[in-house]
Amino acid sequence: MNVVNTGAIYRIYDDHLQVTEELPAKQYIVRLSEMTGFYLEEYPNQDLSHEKIYGVHERKVKKVLNSFTKFTRNLGVILSGDKGIGKSLFAKLLAERAIEAGLAVIIVDQYIPGVHSFIESIEQEVLVIFDEFEKTFANQSGGDGSPSRRPMDTMLSLFDGISPGKKLFVVTCNSFNSLNDFMVNRPGRFHYHFRFEYPCADEVKEYLIDKLGEGHEAEIVKVIQFSARVNLNYDCLRAIAYELASGESFEEAILDLNILNVDDQYYSVEVFMEDGDRWYAAKVRMNLFNSTQRENVWMEDEGGTRNGYRIMFIPSKAEYISVEQGSLIRGSDVKLDVDTDYFEDSEYNVDKAAVDKAKARKVERVMIKRILSGNKYQYLV
């Protein structure tokens, strides 16, 4: 029997009671007992030793841990991006490396009033992971007439690091627009913001080759071409790889899989003319699987000024050739249209010769690239 005394309170525990000065370097999850309050429960570690890590995860995990050792205050990291594209894997990898480095890892998977005070009471260096933060800590309205609660606001002082014990805070979220305004664009609180994107063509190819091996080259090309037109996360790729390995063709597999193009995507469009001119459209919303509706894209010159031309095509009837991270469409699949108003003078007279010359021009090819929405500097380069 062990008796623990705090003030005038005496608690009795069995012989398994152990007292340590610090949390051992393991993984824990926050729990609440109505009788005794907050406590930590051991949480099974994720073994990633047999899982290939794609992208730049390893390098950025090392970057975070190196920075944490150099910081004299808390370090915050935001992991944002859609589901199935690597946020959770990054967090698991970071947790694994943190434990190897001697840090305890604490997972907070739900909002419980007072949880910030409990975490503040831990006076040692730890990694704290908040999963799907924008959901678990979303504002809560008082439906019964009670005042509304703003859980995110209560966490700001914790992230600021006014309590003892330097901590590494990591929040994962699907939409960083749902985060508190005092978290985004505030490197004093969250030094890093890693935005996770859908796999590019090279990453799709590498993943499928790893999963399928040789003999599926033709089907892999089809998947790469498909991924240039619609977002495919690693969950999608895993399902596609399973079907292809079972002997299905990609055309058959995609009809049965729970993978739908439910939204229009945004693309950049570059038109190459036979006479050497190049035109652009920086951000165009299109559905490249539409079989009936024609897409109309107005083009701009290198200065970003509309040049009087537009290209028109029916997306599902065009032939797409995968190139780098985009798709090429042959000029023969595209119709060039001319805005005659563009060739009017100040008195609204149309230069018919200029219009005829404009209509005679030919499109050689069109490059369409899916815009990765999380790249904050996509339109600056």
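The values are calculated or read from the model by the stated rules, or taken from the named source; none is laboratory data. None of these values were measured; they are calculated from a predicted model. Every residue, glycine as well, gets a Cβ built from its backbone with ideal geometry; the counts of neighbours run over all protein chains shown.
Remarks
- Condition check for Leu168: modelled with pLDDT of 85 or more, aliphatic (A, V, I, L, M), in contact with a Ser or Thr (Cβ under 7 Å, 6 or more places away or on another chain) and under 24 Å from Phe196 (Cα atoms): no
- Note on the stretch 300-351: among residues that are at pLDDT below 85 and basic (Lys, Arg), the one that is nearest to Leu288 (Cα to Cα) is Lys317.
- Of all residues in the stretch 66-93, those that are in a helix (DSSP H, G or I), more than 17 Å from the chain's Cα centre (by Cα) and surrounded by 19 or more Cβ atoms within 10 Å (Cβ to Cβ) total 1.
- Against the conditions (1) free of Cβ contacts under 8 Å to residues at least 40 places away in the same chain; (2) basic (Lys, Arg); (3) within 29 Å of Asn231 (Cβ to Cβ), Arg31 satisfies every one except (3).
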